[in-house]
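Engineer: First the structure, then my questions, so here it is.
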Amino acid sequence: MQQYFPVEIDSPEAMKDFGSHISRKLASGDVLALIGDLGAGKTHLTQGIAQALGREEAVTSPTFALVNEYTDCSPELIHFDWYRMETPEELLAIGWEDYLEREAILVIEWPDRFPEMIPTGTHCIHIEHINGGRRLSYALA
Ligand SMILES: Nc1ncnc2c1ncn2[C@@H]1O[C@H](COP(=O)(O)OP(=O)(O)O)[C@@H](O)[C@H]1O
Ligand SMILES: [Mg+2]
């Protein structure tokens, strides 16, 4: 992945295209952490990943559900939003440890809530606002 970063992306459509592009670098068992403010484009990027993995229906932010499972994707895609979680215990209560064992790609919005819960080897993308668009940068965990 590293060779593509940093990159500037200036529309929601291009954000989805980028998600679809990086989906080819992801395999079952991978965890992708998306770090960025509200409105950074984390859900759009995830939508692009989901579409590239075969999902035809919309991808919405799991802010209220905490987690959305896209079993129509191959590999399956599990989409978390930790924004509304207060403690790591809440994450454990929804089965975080079981999710880590799943044959699936895990994408996390707001991973910075509980850095201690992020497994070694997680791919991280930082998204910043710049001039109406976004700058994405990649760092190994
Ligand atoms: N690269 C981009 N450039 C400009 N606008 C974007 C970009 N990515 C997403 N957006 C817009 O930003 C808003 C928030 O996107 P969303 O994916 O919901 O962000 P997040 O999940 O990080 O809160 C949406 O209105 C979307 O159209
Ligand atoms: Mg979101």
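The values are calculated or read from the model by the stated rules, or taken from the named source; none is laboratory data. Treat the numbers as computed from the prediction; the structure is a model and nothing was measured. Note that each Cβ is placed from the backbone with ideal geometry, even for glycine, and that neighbours are counted across all protein chains shown. Note: accessible area is taken over every heavy atom of the protein model, side chains too, but ligands, DNA and RNA are not part of it. Shrake-Rupley method; radii C 1.70, N 1.55, O 1.52, S 1.80 Å.
Engineer: Out of region 7-56, which trypsin sites (Lys or Arg not before Pro) are coil in DSSP terms and have no more than 11 other C-beta atoms within 10 Å?
Structural biologist: Counting only loop positions with at most 11 other Cβ atoms within 10 Å, the trypsin sites (Lys or Arg not before Pro) in region 7-56 are R24.
Engineer: Name the GluC sites (Glu not before Pro) in region 71-132 that are in a loop by DSSP and that have at most 16 other C-beta atoms within 10 Å, would you?
Structural biologist: Here the GluC sites (Glu not before Pro) that fit, given the DSSP loop and packing criteria, are E86, E103.
Engineer: Also, I was wondering about something else. From zero up to wherever the largest Cα-Cα distance of the chain sits, split into 10 Å bins and tell me the percent of pairs in each.
Structural biologist: Going out from 0 Å in 10 Å bins, the chain shows 12, 47, 35, 5, 0 percent.
Engineer: For region 88-140, what ratio Rg/Rh do Cα atoms give with a Kirkwood hydrodynamic radius?
Structural biologist: 1.04
Engineer: Tilt of helix 12-23 relative to the longest C-alpha principal axis of the chain, in degrees (0 to 90, nearest 10)?
Structural biologist: Roughly 60 degrees, rounded to the nearest 10.
Engineer: Rolling a 1.4 angstrom probe over the protein heavy atoms, how many square angstrom per residue are accessible across the chain?
Structural biologist: 51 Å²
Engineer: Taking Cα atoms, how many degrees apart are the long axis of helix 42-52 and the longest axis of the chain, rounded to 10 and kept between 0 and 90?
Structural biologist: 90 degrees
Engineer: Can you compute the FRET efficiency between A27 and E86 using 1/(1 + (r/R0)^6), with r the Cβ-Cβ distance and R0 = 25 Å? Round to the nearest 0.05.
Structural biologist: 0.20
Engineer: Separate question: Determine the relative contact order of region 3-141: mean sequence separation of Cα pairs under 8 Å and six or more apart, normalised by residue count, in whole percent. Working shown, then result.
Structural biologist: On the way: 262 pairs, mean separation 47.1, N = 139.
Relative contact order, region 3-141: 34 percent.
Engineer: Amide H of D30: which non-local residues (sequence gap of 5 or more, or other chain) have their own amide H closer than 5 Å, using H built in the peptide plane?
Structural biologist: Sorted by chain and number, the residues that satisfy this are L106.
Engineer: Right, next: Roughly speaking, what is the centre-to-centre gap between region 73-136 and region 51-70 when only Cα atoms are used, to the nearest Å?
Structural biologist: Using only Cα atoms to place each centre, the spacing works out to 13 Å.
Engineer: What spacing in nm lies between the two simple spin-label points modelled at N131 and E57, each 7 Å away from Cα in the Cβ direction?
Structural biologist: Spacing of the two 7 Å Cα→Cβ label points: 4.0 nm.
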